[in-house]
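First comes the structure, then the notes that go with it.
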Amino acid sequence: MMQVSKLVLSLTFMVGCLTAKSQTAFPKEIPFKSGGSATIYQPQPEKLDGNIVTARSAVSVKRMAYSEVVFGAIFYTGYLSTDKGNRTAILDSIVITNAKFNGVDDQKRIDSLATFIEMEIPKWKLEISLDALVATIQRDFPNAEIYNNDPPKIIYSTKPTSLVIIDGEPKIQLDKDLDADRVVNTPSLIFKEGAQWNMYVGGIWYKSNSVTSGWTAETSMSAKVKSINDQIKKQEKENNGDNENSEKPEVTDIVVSNVPTEVIQSKGEPVYKPIEGTRLYYVSNSPNNIFKDNSTQNIFILISGRWYTSKSFSGPWTFNEPDKLPVDFSRIPEGSEKDNVLASVAGTDAANEAMIDAEIPQTAKVDRKKATIKVEYDGLPLFNTIEGSSLQLADNTNVTVFKEAAGKYFALDNGVWFTSSSANGPWAVATERPKDVENISMKSKAYNAKFVHIYQVSPDFTIQGYTAGYLGSYIQGDPVLVFGTGFYYDHWYGEMYYPAPYTWGYGFVYNPWYGWSMGVGYNVGYMHFSFVFGGGYYGHGGWYGPPMYRPPYYRPPYDGGGFYGRGDQVNHHGNNNININTGNNININNNNLYKNKAGVASSDMNRSNTSSKVSDNNGTILENTGGATSRPAARPSTGSNNVYADRDGNVFQKDDQGNINQRDNKSRDWKPTGQISNNMQNQDRAPQGSINRDIQSRERSTQRTSNYNYQSRPSGARPIGGGRRR
């Protein structure tokens, strides 16, 4: 055993999600010119701190073709780069902090192995799925905040119903493109022709004499409505790969609300179906997550990641902490129709993985010369102080703009920080965040800005990234993941309308592969939901987070689970029907704000295209990027991915019978430990380093990756879209 001198290298974990089997299989074998090879087993992450990962891996090394195989462990930290839409994780600039080859007594041999690793590891290129990383990181959430969990107005309907949200009282303004008065403070298209209001929702035109009530389906179109409808259908076809939409939309009841509201519904009276192994029933003819506890007859609903309970559908509804749910919720079988709610049940593997995923940042390299921003104000810039912070926030702008007490300005546009000495620019890529950004209150509509970070800086580029909080997904201290803060924020209305983020009204449900999806009614999502005629107000975004961001739309079938299916269970995979707004540069495998943004790259994080040094925010030199390093791709090994290292450097193997054996480098053999790996209850009996826990985590990571690959099949969902964004 010896301490290896610290070195800087690039060890890459990268996944192409649709070619997972060949690219993500472990172990990996790295051939050497000497005829020997090294085999590295799946990394065992220990800690995630921002974009810094600490991990260890079991390795075996043969110096020459005829050399003995020596097993050991390497310990390292590195910077995480991701393309989360493609479930891609890249670990760059790894620093090896230690290498151990227990049982090797010859110090010269140890030194030789250590030197050899120093020489060879910088050439390695390894690939691993992001879901493997999510399932194997161990993490607690002691400092998670509690958000506003007061229930919104909850309406239950036994008829197919669409909810139309208006942000406060209707704001009516002449739309020059439509040549008509239009309600501007809603994502729905509502305009007036003569005395009649027209609304396009879910692929259907409705009419009424009032904006807030009385909507019925139109039986015929005026020439004006027909002209607009033709333009909508043309755009829908373009956003659907130039294909006609084959699904016929359904006429629904229309509920218009100008206060935080959620609609839960069933098609007819609720039909209850039992959940195997529990006393729970779920409403099988509903697109919502509605349950009944048979022992108490209490009804439970899940909206925006929050549980509410009532004795009846008419309410009143009260918040139910996710760690105080009836125990049967944690017993919902993985692979069943309703396993999608497990991510919202505190203490489950699904809930822990959802929170880990939320903390893994989406990262990008931002070119300091090429990245640009366009900041617009509705009149002169108007700033107001943020409660609890020294920062001021511009209310009347299309992006998030801050002013520091010293007079410096910062603008945040789709996950990239910019700075200027003037509110009107010119703007340059920022090398630091505004001071006091961490103190922004959750009661501020700019709260999500604190989840965008600047990780590294060089003269040519910065490494920036955002975690799920920027998109409105927050870790609550119950602990589970929720959507939105639960607070209502003031919008801006002047010559322009700038909406604020919303928690309620869009039926947000969690998907472990794509994050939060919307479900506002029974019809096909963005294909029919929000057409943006001529750009206008909605080019500035804000309803769900950053301007370019729009969540995928969950179009029901009624069975929405099968996410976490195990090999011995039936996989329903009912939630494959996820429609993405491709007009916003988002597709089924890429929910990434950085994609196609000028001067910003998240798929190629190569830092070796510049001769400058890279430093973190403390000025510490992380790497000298002069000169690219040749890194031949590692090839899948024929061996099994069943070798693990504990924190003491001991190496273990799980055999086909589930026995855990320890490597003895002296005898070159595996010796029984007397331990058997079968479930997490055995972890207290496991050998050093809780290897049993690592075994269970790795097996779950394999299943999770397999589930994702199944979900992301081309036949599973087709990207379709609706509105345009800036």
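Overview of results
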item: For Ile303, distant residues with modelled amide H under 5 Å away; result: Tyr308
item: Heavy atoms of Glu404 accessible to a 1.4 Å probe, total area in Å² rounded to 10; result: 20
item: Spatially proximal lysines relative to Lys595 (Cα-Cα < 20 Å; intrachain offsets below 8 disregarded); result: Lys84, Lys365, Lys369, Lys370, Lys374
item: Sequence-distant residues sharing a close amide H with Gly477 (under 5 Å, placed H); result: Glu145, Ile146, Tyr147
item: Listed pairs Lys176/Lys233; Lys207/Lys311; Lys159/Lys311; Lys159/Lys443 exceeding 27 Å between Cα atoms; result: Lys207/Lys311; Lys159/Lys443
item: Low-density loop cleavage sites - chymotrypsin sites (Phe, Trp or Tyr not before Pro) in the stretch 45-116, where at most 14 other Cβ are within 10 Å (DSSP); result: Tyr66
item: In sequence order, calculated HN-Hα J values of the stretch 418-432 (Karplus, 6.51, -1.76, 1.60; Hz; x Gly/Pro); result: 10, 9, 7, 8, 9, 5, 9, x, x, 9, 10, 4, 6, 10, 8
item: Size of charge dipole - the stretch 163-227 - debye, nearest 20, with Cβ of Lys, Arg +1 and Asp, Glu -1, no other charges; result: 140
item: Solvent-accessible surface (1.4 angstrom probe) belonging to Leu80, in square angstrom, nearest 10; result: 10
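The values are calculated or read from the model by the stated rules, or taken from the named source; none is laboratory data. Note that the structure is predicted; figures quoted are calculated from it, not measured. Cβ: placed from backbone, ideal geometry, glycine included. Neighbour counts: every protein chain shown. In case anyone asks, the SASA skips ligands and DNA or RNA and just uses the protein heavy atoms, side chains included. Shrake-Rupley method; radii C 1.70, N 1.55, O 1.52, S 1.80 Å.
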